[in-house]
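A.B. asks: The structure is given below, and queries will be raised subsequently.
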Amino acid sequence: MHRFLRLTRAVEDRAYSLYRAGHIHGGNFSGRGQEAISVGTALALEPQDKVAPMVRNLGTVLVRGYTAEEVLLNYLAKATSPSGGKDNSSHFGDVEGKGVVSCISMLGTLVPVMAGMALAGKLRGVPLVTLTYVGDGATSTGEFHEGLNFAAVFKAPFVLIIENNGWAYSTPVEKQTPIRDLGRKAESYGIPWASGDGNDVEEVWRLTRRFADEARAGGGPRVLELRTMRMRGHAQHDDAWYVPKKQLAEWERKDPIERFEKRLLKERVMTKAELDAANAAIGREVEEAEKAALAAPMPEGPEALRGVFADDVPFRKWWEEE
Amino acid sequence: MTETTYIGAITRALHEEMQRDENVVLMGEDIGAYGGAFKATDGLQKKFGEARVMDTPLAELGLVGAAIGMSYMGFRPVVEFQFIDFIACGFDQIVNFAATSRYRWGHACPLVLRGPWGGGVRGNMYHSRNVEMWFVHSPGLKVVAAGTARDALGLLKSAIRDPDPVLYLEHKHLYRRVKEDLPDGEILTPIGKADVARAGEHVTVVTYGWMRHVCLDAARELEKEGISIEVIDLRTLYPMDRAAVVESVKKTNRCLVVHEDTRTGGIAGEVAMTVFEEAFDHLDAPVLRVTAPDTPVPYSPPLEDYFLPKVADVVKACRKLVKY
């Protein structure tokens, strides 16, 4: 649990500097301060479960078995990245192996998809649960509602995490939706819900585990709202000037990783020396991953034509022909 | 041999494929107990059960999304839109999620999206639309449209077996008007291959769907005047059988595109460009087209009749082309 928390932050810190140095093109997203949600939820799942992480759920991707190098390769758009350079950020996955479903940039879209996957598992008689995340913003989308309704009607073993981090880009949650407990939206569909402290990784694990067990046992879908705070901007280019400094300071004090480490030390699960050694090892691991990822090749242009269908779609650049 | 209507061919295709592959499931509104608004899925829930013929809530985004999720777990969902116009309600999931699936993360999405399409039934603009180009223009989707009962059967079976998402358009005007004797046994129409509905010498007329019949009627009229037109039914809009069109134009030296779809952004533009790119030297006349105007489909009969291309329009256009 500790390892994945620290590894998530280390990889994102690395990505931050890579972005500043111009190595990462386009958008890069940070889940800083929200690591407990990704790690706690992912660790609460069974191997046969399917999970669809969003861009601030890097911890989920790592728990499921992707390496720091693979993640950085994708951020760097390399040929050997999990998406082959076809998509950015953490838009990759592997259903059969790691049980990870790739997200897309449109928010809320994964709700009906994962509900459908849960239904499929149920129809096949496999005791699996599916899980995905939405932010406070995505609870406004049609797909959030259509997907939850579908899951409820078909009693799909689907767990939805509402990661309420207070902000959808520059829109505070008060302007996003009129109710404060976002989990209440689940009531419209008769879906049991709970809310919890998203910055307490053990609480996250406990609540997720309980809901996953209930869904797995045939109880139908569940919604878990976890409260946290987005500590960086919407994306790396966004300095989040609109977030009150007071709010950031308040949540800085509740940093999920520091909290957990304090607990580990207090309860003597680890000594300070062991903790420092573990963190240093993670630092080295990510440094190596960065080196390898930077050295990897970029894809060749014509690769852009491949992978649309099972058979390639030909395209002549006649103006380049002799 | 059994006399089969166009819609009967669709039911037969669904039946055969569901029998052949237990992973084929149907999802849509009112398709189960009710048998579908047009009865395309009549009897299938009784035969295959509720787990394989699912009545879903009224929510196209939820429906398509769930079908995508099912397809990721080895099922082969066939999603019905009660009228294809309502596919717009599920647009995000189709073009952003399903269509891009294989390309962006290597995981195929073997989905079939089907529904009654086109006009001529006084259904109003929300039950008569030609939606094809929205999807022809979204890389990662195949788009097919049958004009005959045989192709309705063969294309649906092929679509269900295709590993990538396919939009299968079935023309509601043809549902019960087209009747053909179809043999028993396996009939598969390849996706990506056009059909020479009628061989001819003077003009290549490229068309699809209901307009196949309109063009064939025009061909019979024109024959009386000594004008022989070759009618090419595209059958697949994407990936279009460009070679078939080019080969025909190289023979006839004239090309007319006829589609029920509205003018701007209709596939006539794509056909014309293909002909210019690959057969310009063979042309004796510009590539021309007969299409609906750029309006929503009007309701009142005289208005809709003005909107839709007719046999007389095709006849007049061909006469003009041969005079070039």
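A.B. asks: Please compute the length gained on full extension between A:L265 and A:E250, using 0.36 nm multiplied by the number of residues separating them and subtracting their Cα-Cα distance.
C.D. replies: My answer for the length gained is 3.1 nm.
A.B. asks: Show me, for the stretch A:244-251, the HN-Hα J-couplings you get by feeding each phi into the Karplus relation (A = 6.51, B = -1.76, C = 1.60, θ = phi - 60°), rounded to Hz, glycine and proline as x.
C.D. replies: Calculated HN-Hα couplings, in order: x, 4, 4, 5, 5, 4, 4, 7 Hz.
A.B. asks: Putting +1 on Lys and Arg Cβ atoms and -1 on Asp and Glu Cβ atoms, find which of B:M18, A:Y242, B:H259 reaches farthest to the positive end of the dipole of the protein assembly as shown.
C.D. replies: It is A:Y242.
A.B. asks: Further, regarding this structure: Can you give the local net charge around B:E17? Use residues other than it whose beta-carbon is closer than 10 angstrom to its beta-carbon, Lys and Arg +1, Asp and Glu -1.
C.D. replies: It works out to a net charge of +3.
A.B. asks: Next question, about the same structure. Test of understanding: what is the full-extension gain from A:W241 to A:T171, defined as 0.36 nm times their sequence separation minus their Cα-Cα distance?
C.D. replies: The A:W241-A:T171 span can extend by a further 24.0 nm.
A.B. asks: As I understand it, the dipole of the stretch B:2-182 uses +1 on the Cβ of Lys and Arg and -1 on the Cβ of Asp and Glu, about the Cα centre. Which of B:M73, B:A146, B:I160 lies farthest toward its positive end?
C.D. replies: B:A146
A.B. asks: Oh, and also: Just order B:211-224, B:185-198, B:306-319 by mean Cβ neighbour count inside 10 Å, highest at the front, would you?
C.D. replies: B:211-224, B:306-319, B:185-198
A.B. asks: Which whole-Hz couplings ³J(HN,Hα) result when phi for each residue of the stretch B:242-256 is put into the Karplus expression 6.51 cos²θ - 1.76 cosθ + 1.60, θ = phi - 60°, listed in order with x for Gly and Pro?
C.D. replies: Along the stretch B:242-256, the couplings run 5, 4, 5, 5, 4, 4, 5, 5, 4, 8, 8, 6, 9, 9, 10 Hz.
A.B. asks: Pull out the extension gain between B:E225 and B:M273, defined as 0.36 nm times the separation in residues minus the alpha carbon to alpha carbon distance; nm, one decimal.
C.D. replies: The B:E225-B:M273 span can extend by a further 14.3 nm.
A.B. asks: The stretch B:279-319 to the stretch A:193-244: how many Å between their Cα centroids?
C.D. replies: Distance between centres, Cα-based: 57 Å.
A.B. asks: Note down the net charge around A:G219, summing +1 for each Lys or Arg and -1 for each Asp or Glu among other residues with Cβ under 12 Å from its Cβ.
C.D. replies: With Lys, Arg at +1 and Asp, Glu at -1, the neighbours total +3.
A.B. asks: Just to verify a number: FRET efficiency for A:W319 and B:A285, C-beta to C-beta distance, R0 = 22 Å, to 0.05?
C.D. replies: 0.25
A.B. asks: FRET efficiency for B:K323 and B:D217, Cβ-Cβ distance as r, R0 = 22 Å, nearest 0.05?
C.D. replies: Efficiency at R0 = 22 Å is approximately 0.55.
A.B. asks: With springs only between Cα atoms under 10 Å, which of B:D162, B:D233, B:D294 fluctuates most in a Gaussian network model of chain B?
C.D. replies: Between B:D162, B:D233, B:D294, it is B:D294 that shows the largest mean-square fluctuation.
A.B. asks: Using a simple charge model, +1 on the beta-carbon of Lys and Arg, -1 on the beta-carbon of Asp and Glu, nothing else, what dipole does chain A show about its Cα centre, in debye to the nearest 20?
C.D. replies: The dipole magnitude comes to about 1000 debye.
A.B. asks: Relative contact order (percent) for chain A, with alpha-carbon contacts under 8 angstrom and 6 or more residues of separation?
C.D. replies: 23 percent
A.B. asks: Let me ask something additional. Rounded to the nearest 0.05, what FRET efficiency is calculated for A:D181 and B:Y126 with R0 set to 30 Å and r the Cβ-Cβ distance?
C.D. replies: 0.20
A.B. asks: How about the stretch B:84-181: which trypsin sites (Lys or Arg not before Pro) there lie in a loop by DSSP and see at most 15 other Cβ atoms within 10 Å?
C.D. replies: When the trypsin sites (Lys or Arg not before Pro) of the stretch B:84-181 are filtered for loop state and at most 15 Cβ neighbours within 10 Å, B:R122, B:R176, B:R177 remain.
A.B. asks: Can you grab the distance from the C-alpha centre of the stretch A:145-180 to the C-alpha centre of the stretch A:24-61, Å, no decimals?
C.D. replies: Rounded to whole Å, the Cα centres lie 17 Å apart.
A.B. asks: Rounded to the nearest 5, what % of DSSP beta bridges with both residues in chain B are antiparallel?
C.D. replies: Approximately 20 percent, going by the DSSP bridge assignments.
A.B. asks: Name the trypsin sites (Lys or Arg not before Pro) in the stretch A:178-260 that are in a loop by DSSP and that have at most 12 other C-beta atoms within 10 Å, would you?
C.D. replies: A:R180, A:R253
A.B. asks: Another one. What aspartates and glutamates does A:K245 reach when the alpha-carbon gap must be under 19 Å and sequence neighbours fewer than 8 apart in one chain are set aside?
C.D. replies: The reachable aspartates and glutamates, counting only those whose Cα sits under 19 Å from A:K245, are A:E174, A:D255.
A.B. asks: If you don't mind, there's one more thing I want to ask. With +1 assigned to the C-beta of every Lys and Arg and -1 to the C-beta of every Asp and Glu, and no other charges, what is the dipole magnitude of the stretch A:1-99 about the Cα centre in debye, to the nearest 20?
C.D. replies: Its charge dipole is roughly 300 debye.
A.B. asks: Can I ask one more? How big is the charge dipole of the protein assembly as shown about its Cα centre, in debye rounded to the nearest 20, if each Lys and Arg gets +1 on its Cβ and each Asp and Glu gets -1 on its Cβ?
C.D. replies: Here the protein assembly as shown has a charge dipole of around 1040 debye.
A.B. asks: If I take every Cα pair under 8 Å that is 6 or more residues apart in chain B, average their sequence separation and divide by the length, what percent do I get for the relative contact order?
C.D. replies: 16 percent
A.B. asks: For peptide A:141-150, how many partner chain Cβ atoms fall within 10 Å of a residue's Cβ, on average?
C.D. replies: 6
A.B. asks: Could you work out [θ]222 nm for chain B from helices alone, using -39500 (n - 2.57) per DSSP H run of at least four and dividing by all its residues? Round to the nearest 500 deg cm²/dmol.
C.D. replies: So the helix-based figure for chain B works out to -10000 deg cm²/dmol.
A.B. asks: Same structure, new question: How far is the Cα center of the stretch B:222-273 from the Cα center of the stretch B:103-156, in Å?
C.D. replies: Centre-to-centre (Cα) distance: 19 Å.
A.B. asks: Using DSSP loop states and a limit of at most 11 other Cβ atoms within 10 Å to flag chymotrypsin sites (Phe, Trp or Tyr not before Pro), what is the longest stretch of chain A containing no flagged site?
C.D. replies: It works out to A:1-240.
Read-outs throughout are calculated quantities, based only on the coordinates presented, and are distinct from any laboratory measurement. Because the structure is a prediction, the values reported are computed rather than measured. Cβ: placed from backbone, ideal geometry, glycine included. Neighbour counts: every protein chain shown.
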